[in-house]
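Visitor: Handing you a structure now.
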Amino acid sequence: MRKTLYLLPVLLFLVIAGYFALGLQPGRDPHELPSALIDKPLPDFDLPALAGGPNISNASLKGQVAVINFFASWCVPCKIEHPVLMRLATKEKLPLIGIAYKDAVEDSQRELAKGGDPYVRIGVDRKGAAGFDFGVYGVPETYVVDKSGHIRKRFVGPLNADTVEKELLPLLRELNRS
Amino acid sequence: MIIELGHFALILALAVALVQSVVPVIGAARHDHAWMAVARPAALAQFLLVGLAMAALTFAYVTSDFTVINVIQNSHTDKPLLYKVSGVWGNHEGSMLLWVFILALCSAAVAIFSGNLPRELRARVLAVQGMISVGFLLFILFTSNPFLRTANPPMNGHGLNPVLQDPGLAFHPPFLYLGYVGFSVSFAFAVAALIEGRVDAAWARWVRPWALASWCALTVGIALGSWWAYYTLGWGGWWFWDPVENASFMPWLVGTALIHSAIVVEKRDTLKSWTILLAIITFSLSLVGTFLVRSGVLTSVHAFAVDPARGTFILLLLLVAIGGSLSLYAARAPALQSGGVFAPISREGALVLNNVLLTSAAATVFLGTLYPLFLDAVGGPKITVGPPYFDTTFGPIMVPVLIAVAGGPLLAWKRGDLLGAMQRLWIAFAAALLVGLGCLYATYGGPVLAVLGLALAAFTAMGAVVEWTDRVKLFRIPLGESARRALHLPRSAYGMTLAHIGLAVSAAGIAAAAFSVERIEVVKLGATLDIGGYTMRLAKVDEIPGPNFVAEDATVEVTRNGALVWVAHPQRRFFEVQQQTTSLTAIRSGVFADLYIAVGESDGQGGWTIRAYHKPLISWIWLGALIMAGGGIVSLSDRRWRIGAAARQRGAAVAQAAE
Amino acid sequence: MRPLLAALALAASLALPAMAVEPNERLADPVLEARARTLSKGLRCMVCQNESIDESGADLARDVRLKLRERLTAGDSDAAAMQFIVARYGKFVLLNPPVEPATYVLWFSPVVILGLAGTGIALTIRRQRRAAAAAAPLDPAEQTRLAALMQESDS
């Protein structure tokens, strides 16, 4: 009995080391936070459209699977993401909704004119109020919304070919089927 | 060329470390003197080789050799010399080299100062040190080599993060590592004792100075880091319960328990397996800290660049070092015979209480630091464990610690007299009451808990003084006689008194932080701001050039009752290379309060944001830490440590007598 | 992921000069402002990791501070204002983790550890004293020898 007591420290250490090993798993990023809105309805928003015309709101997205991408002209990683979005728009014909986060209208327009516009519609979130309601903490962020208007997935940081192939497109197919 | 020399020296050091870790152990097992004798020269050679590598890297930094990738990434020609040198350890690779350098330094110190150790023990201790060296040298050479070159050297480097260009932070890592790595010596002693299957008073007497020295360095290192945060961050915060801070604090807590329980082993020949365990855990926590900081499993403001290969490598090192030593502990510790028996109320009892509380506090910090990781690893929710958790769990554990610190030394060994001790503490009770009532009156309506904290600190400090007056029999015998006794008290007694007073001083500073007053205003040129009875007038703001930055230098005239008491110069510094701004606060440290001014952004209309703080007793936090470390150093100078030669023979005599 | 982190680090460093709460963010009502300060000390800044939004100079921290003040001015209770933030950014932002099944181990362990350690020590001391009482006492010669040794090591 007493001898087993002396085993306790090493056993405890092994448990802790096991957790450390789990913590080291590739793909685990302690900086990445899950969205608090997963499986929750899209927050209310009503943003003027960058190109003019009717406002873009949560109501206007009803009944369709939507991909909403927060971007800004001042955001460096967005430039990395841009070609991926362009390919999604042209090759996959994905109707991307863009939200220009804390960005001046002219700046967004200039940026899109320069590199191409992957979005079907763009809402202007000048003060970041919609971003706040989505829980945006670093642009670019991409939200996938199902037909019933519930957020199903959030991607933080630039989408890349890998996440698009392995996560985004399969999810969209599944959502469109149901 | 010099870089290659350094690189080569490091590889050679690995070879020597391998020899140091294998040959002496075999020698000790076979009682082969020649094999055991390899340990000392090997340790010294390893120290010279790692020293050479360290010197080579430092040379590359000082001469701004931009063919070396590490120098490119962390240095710049415009940087002042001090920060070129401190840049060596201001990054992952270089700081690992410093780590190993200090490890080699400790081994060399053991090799030099272990003349009175039995051969087998010395050989084994140095071999264990060698094994740790092997692990970390492999780590550096395979995952974090600072000596890599590039074929296309740039014109200039990226520079060192301006926040790190600060004298306090230049010396923070060396002290911290001296503490962390210094505990490897107690660890090596513990492992060696487990291999030998023998722990006695002499063993404790040999271990304690090493543990004490490491503890002093760690105390200073932690205090420097905290002080740096206080004066750089611009709002006076000094402790954040950040994972990296906790990583240094946990070994400190357990190390404190270790230096206390080693006393019991030395004086009373009991608590042996517990002390061994503490020695192992203290260094293990240092290793775990290294893992946490460098593997990227946790997020922290201080973390180094993340690389999963490094994390995996250190985890393997942890498994070998900690898993190995704890397995050895499980196998051998049950056989360690405990000697002295004691009553719960006794000096030993108080020291055990101190141990329980300190290790529980460390466990709490450990849990709080790693719980988010644990939860995340099993797919639980992402949570944050922030300062409020540590304040509510760690704080209450420290209250009985402070009480035990005051009362414990007044109890006799084996069986103490609690009532007598309390009676002798009447003056401490009176001091606590006086301080408590005084503060309550002065800060009426303010935080009551902080007042209780101050009263407790007064109790602890007076307790230490009472213990001293007891020893010199002040006022019970003629004063001259008392003075004579005071002169002849062992230094270790003074060390204890000082360290305990230091703890009380720190505690008072921490408690008084609740009384700090803050004012943040946009102040126009020539306008004033009142705080804590002082009036601050923003006289002018100049732009002045620095060596590698441009500063906005504010002149703030501080008056009290119309009399000028201080002209403050808080600055905002803009570093061109990194496109980064830092703030240089102006602090007027006083015994009773600090005045703290930081200047913020200009509003573009002749006004600047001024952050002014009046912080009572805040400098006591670091003053107390220095007093604690000073107490440790005084204790280290005790002649007892230097006359260890005969100690084990005497111990052996006791053992024979008992047979 | 890497470029994002680099960008985040860049954003954080650029935001550094704006330190923590700025005078222009504050509410005129000192009571409301005091409540806002207390609440913001308990909210974590998402981009700067281990800092509260009260201490952080990051843009997002400023947004949260302003939103918090907006909610308080609108008449929200402390709990409602916190819930407003948590609903958007998750429980992760709470520096003081709520007591719930996932955090029972976190919150109750300190008490359990202290209890176990205390019991363990008490049992050990009792067992040792029993064992010593059962063992034969020292003979007088041994006792004087022991006393001499004790005195020696105490001095």
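Visitor: Quick check for you: which residues of the range C:47-82 have the amide N under 19 Å from the point 7 Å beyond the Cα of A:Asp44 toward its beta carbon?
Guide: Answer for this model: C:67-68, C:70-77, C:80-82.
Visitor: Which whole-angstrom value gives the distance between the alpha carbon centres of the range C:113-130 and the range B:530-598?
Guide: Here the answer is 56 Å between Cα centres.
Visitor: Between C:Lys91 and C:Leu123, 0.36 nm times their residue separation minus their Cα-Cα distance comes to what?
Guide: 7.4 nm
Visitor: Using a Förster radius of 25 Å, what is the FRET efficiency between B:Ala309 and A:Thr163 based on their Cβ-Cβ separation? Nearest 0.05, please.
Guide: Efficiency computed from Cβ-Cβ geometry: 0.65.
Visitor: So how do B:219-229, C:79-89 stack up, highest first, on mean other-Cβ count within 10 Å?
Guide: Ranking the peptides B:219-229, C:79-89 by packing returns B:219-229, C:79-89.
Visitor: Moving on to the next point. Taking 0.36 nm per intervening residue step and subtracting the Cα-Cα distance, what contour gain separates C:Val31 from C:Glu100 on full extension?
Guide: 21.8 nm
Visitor: With just the Cα atoms defining each centre, how far is the range B:303-363 from the range C:44-69? Give it in Å.
Guide: Cα centroid of the range B:303-363 versus Cα centroid of the range C:44-69: 38 Å apart.
Visitor: In peptide B:327-337, how many Cβ atoms from other protein chains are near each Cβ within 10 Å, on average?
Guide: Neighbouring Cβ atoms belonging to other protein chains average 3 per residue here.
Visitor: Take peptide B:371-382, look around each residue's Cβ out to 10 angstrom, count Cβ atoms belonging to other protein chains, and average those counts.
Guide: That works out to 6 on average.
Visitor: With charges set only on the Cβ (+1 for Lys and Arg, -1 for Asp and Glu), what does the dipole of the protein assembly as shown come to about its Cα centre, in debye to the nearest 20?
Guide: Approximately 2760 debye in magnitude.
Visitor: Here is a further query. Mind jotting down the distance between the C-alpha centroids of the range B:83-123 and the range A:96-131, whole Å?
Guide: Here the answer is 56 Å between Cα centres.
Visitor: Pulled fully out, how much extra length does the chain show between A:Asn176 and A:Gln64, if you take 0.36 nm times their separation in residues and subtract their Cα-Cα distance?
Guide: Length gained, A:Asn176 through A:Gln64: 39.5 nm.
Visitor: For a quick check, take a GNM of chain A with Cα springs below 10 Å and name the residue from A:Val67, A:Val144, A:Val105 with the largest mean-square fluctuation.
Guide: Sorting by GNM fluctuation, first place goes to A:Val105.
Visitor: Are there any helices in chain B, counted as whole DSSP H runs, that stretch 27 Å or more along their axis by Cα and score at least 0.0 on average by Kyte-Doolittle, and if so which?
Guide: For chain B, where a helix must reach 27 Å along its axis and average at least 0.0, the hits are B:2-30, B:39-62, B:92-113, B:119-143, B:167-196, B:201-232, B:243-268, B:272-295, B:347-377, B:387-407, B:448-471, B:491-512.
Visitor: Would you be so kind as to identify which of B:Gly135, B:Leu164, B:Ser637 lies farthest towards the positive end of the dipole of chain B, taking Lys and Arg as +1 and Asp and Glu as -1 on Cβ and the Cα centre as origin?
Guide: Comparing the listed Cα positions along the dipole, B:Ser637 ranks first.
Visitor: Please list B:412-418, B:476-482, B:357-363, B:192-198 highest first by mean number of surrounding beta-carbon atoms within 10 Å per residue.
Guide: Those peptides, ordered most packed to least, come out B:357-363, B:192-198, B:412-418, B:476-482.
Visitor: Going by a ≥ b ≥ c, the root eigenvalues of the Cα gyration tensor, does chain B fall in the rounded group (a/c under 1.5), the prolate group (a/b larger than b/c) or the oblate group?
Guide: Since a/c reaches 1.5 but b/c is at least a/b, the shape of chain B is classed as oblate.
Visitor: For the protein assembly as shown, what proportion of DSSP beta bridges, expressed in % and rounded to the nearest 5, is antiparallel?
Guide: Taking every DSSP beta bridge within the protein assembly as shown, about 85 percent pair in antiparallel fashion.
Visitor: I'd like the mean, over residues of C:118-125, of how many other protein chain beta carbons sit within 10 Å of each residue's own Cβ.
Guide: For peptide C:118-125, the averaged partner shielding equals 3.
Visitor: Turning to a different aspect of this structure: Charges on Cβ only, +1 for Lys and Arg, -1 for Asp and Glu, centred on the Cα centroid of the protein assembly as shown; of B:Leu452, A:Ala113, B:Ala34, which one is farthest towards the dipole's positive end?
Guide: Value: B:Ala34.
Visitor: Then there is this: List for the range C:67-91: residues with 40 Å² or greater reduction in accessible area, all protein chains versus chain alone, probe 1.4 Å?
Guide: C:Lys67, C:Arg88, C:Tyr89
Visitor: Counting only protein heavy atoms, what percent of the accessible surface of the protein assembly as shown is carbon or sulfur at a 1.4 Å probe?
Guide: 65
Visitor: Pick out, in residue order, every one of the chymotrypsin sites (Phe, Trp or Tyr not before Pro) in the range B:430-528 that is DSSP loop and has at most 14 other C-beta atoms within 10 Å; say none if there are none.
Guide: Those satisfying the criteria are B:Tyr444, B:Phe475.
Visitor: In the Gaussian network model of chain A, springs joining C-alpha atoms below 10 Å, which of A:Phe134, A:Phe45, A:Phe20 carries the largest mean-square fluctuation?
Guide: Among A:Phe134, A:Phe45, A:Phe20, the largest GNM mean-square fluctuation belongs to A:Phe20.
Visitor: Sum -39500 (n - 2.57) across every DSSP H segment of at least 4 residues in chain B, then divide by the residue count to get the 222 nm mean residue ellipticity, nearest 500.
Guide: Mean residue ellipticity at 222 nm (helix-derived): -21000 deg cm²/dmol.
Visitor: Might you tell me the accessible area per residue for the range B:171-228, computed with a 1.4 Å probe and given in Å²?
Guide: Result: 22 Å² per residue.
Visitor: Accessible area lost on pairing B with C, both sides, 1.4 Å probe, Å² to nearest 100?
Guide: Buried surface at the B/C interface: approximately 4400 Å².
Visitor: Taking both sides together, what accessible area is buried at the B/A interface, probe 1.4 Å, expressed in Å² and rounded to the nearest 100?
Guide: Answer for the B-A pair: about 2200 Å² buried.
Visitor: Residues of the range B:559-603 losing 30 Å² or more of accessible surface, assembly versus chain alone, probe 1.4 Å, please list them.
Guide: Residues meeting the cut-off: B:Gln580, B:Thr581, B:Glu601.
Visitor: May I pose another question? Just to be sure I understand the rule: take each whole DSSP H helix in chain A, project its Cα atoms onto its long axis, keep it if the span is 30 Å or more and its mean Kyte-Doolittle hydropathy is at least -0.5. Which ones pass?
Guide: The qualifying helices are A:2-23.
Visitor: FRET efficiency for B:Val550 and B:Ala343, Cβ-Cβ distance as r, R0 = 56 Å, nearest 0.05?
Guide: 0.25
The values are calculated or read from the model by the stated rules, or taken from the named source; none is laboratory data. Just so it is clear, the model here is predicted, and its values are computed rather than measured. We place every Cβ from the backbone using ideal geometry, glycine too, and count neighbours over all the protein chains shown. These accessible areas exclude ligands, DNA and RNA; they are computed on the full protein's heavy atoms, side chains included. Shrake-Rupley method; radii C 1.70, N 1.55, O 1.52, S 1.80 Å.
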